[in-house]
1. In whole percent, what relative contact order does the stretch 6-199 give with Cα contacts below 8 Å and a gap of six or more residues?
2. With the cut-off at 1.5 for a/c, could you classify the stretch 136-200 from its C-alpha gyration tensor as rounded, prolate or oblate?
3. Once you've got the Cα coordinates, tell me which of K23/K58; K20/K146; K16/K58 are over 29 Å apart.
4. Give me the percent of DSSP beta bridges within the stretch 6-199 that run antiparallel, rounded to the nearest 5.
5. Using modelled backbone amide H atoms (1.01 Å from N, in-plane), which distant-in-sequence or interchain residues come within less than 5 Å of Y79's amide H?
6. Under the rule of -39500 (n - 2.57) per DSSP H run of 4 or more residues, summed and divided by the residues of the chain, what mean residue ellipticity at 222 nm is obtained, to the nearest 500 deg cm²/dmol?
7. Please provide three numbers in whole Å: the alpha-carbon extents of the chain along the principal axes, with the largest listed first.
8. Given a 1.4 angstrom probe, what's the average accessible area per residue across the stretch 6-199, in square angstrom?
Amino acid sequence: MNINTAEFVMSNSDVKKCPKQDKPEFAFIGRSNVGKSSLINMLTNHKSLAKTSAKPGKTQLVNHFMINKEWYLVDLPGYGFAKVAKSTRQRFSKLIFNYIESRENLVTLFVLIDVRHEPQAKDTEFMEWLGINEIPFSIIFTKADKLTKRNLADNLAAYEKEMLEIWEEMPPFFVSSSNSGMGKEEILDYIHNTMNTLQE
Ligand code: GTP
Ligand code: MG
């Protein structure tokens, strides 16, 4: 799929004020600093459509972007970063959970995982919660450029092994780098195909 237009629509701290649920939407979620905003910029060919920062906790609101005037991409605040104040963390998680539970037009939640690290309970527990609540999700491993091919393959295999302790099969997953553009086509094709199945 080609992205022809990508426009910022609005930022909200109250999910009730998010855009009308009349278009399909795909949201990006994951720990602070995992690379959600960078990935949105990479996918949409923009340098700074979504604001990024080396400091965790940059995205604090629910940000809607309209793509090709047809669907929404949503940038969410990160969860679970120890360096962010506890009160802020609690506010973020409330906002995130309200968002997930109230958006009926949410087609897929992309859970971003930094591929450099071992599986973290915060992420695996979050995905279990998604499973229990029947929220469709896919995984996007980020920052693949920071590992050698060999380490990348090892880390992916280790993650898959851990997931299969709980899940019958791996959810759909993608390997990405916002620096190199790795994963872009696969992720956009997946979004495109998923939207097509909705229309059938
Ligand atoms: P919050 O909004 O704080 O939750 O963070 P975020 O998940 O939106 O992360 P963001 O996109 O702001 O990126 C965090 C840091 O990681 C920035 O310094 C980015 O430049 C860096 N980064 C993001 N993606 C990649 C990647 O694919 N490769 C490399 N090398 N660095 C990345
Ligand atoms: Mg962000």
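The values are calculated or read from the model by the stated rules, or taken from the named source; none is laboratory data. A quick note: this is a predicted structure, and the numbers were derived from the prediction, not measured. Note that we place each Cβ from the backbone using ideal geometry, even for glycine, and neighbour counts take in every protein chain shown. Calculation scope for accessible area: heavy atoms of the full protein, side chains included, ligands and nucleic acids excluded. Shrake-Rupley method; radii C 1.70, N 1.55, O 1.52, S 1.80 Å.
1. On the way: 319 pairs, mean separation 43.7, N = 194.
Here the relative contact order equals 23 percent.
2. oblate
3. Among K23/K58; K20/K146; K16/K58, the Cα-Cα distance tops 29 Å for K20/K146.
4. Roughly 35 percent of the DSSP beta bridges within the stretch 6-199 come out antiparallel.
5. So Y79 has HN proximity to G30, R31, S32.
6. -11000 deg cm²/dmol
7. Per principal axis, max minus min of the Cα coordinates gives 42, 40, 34 Å.
8. Values: 10190 Å² over 194 residues.
For the stretch 6-199, the solvent-accessible area averages 53 Å² per residue.
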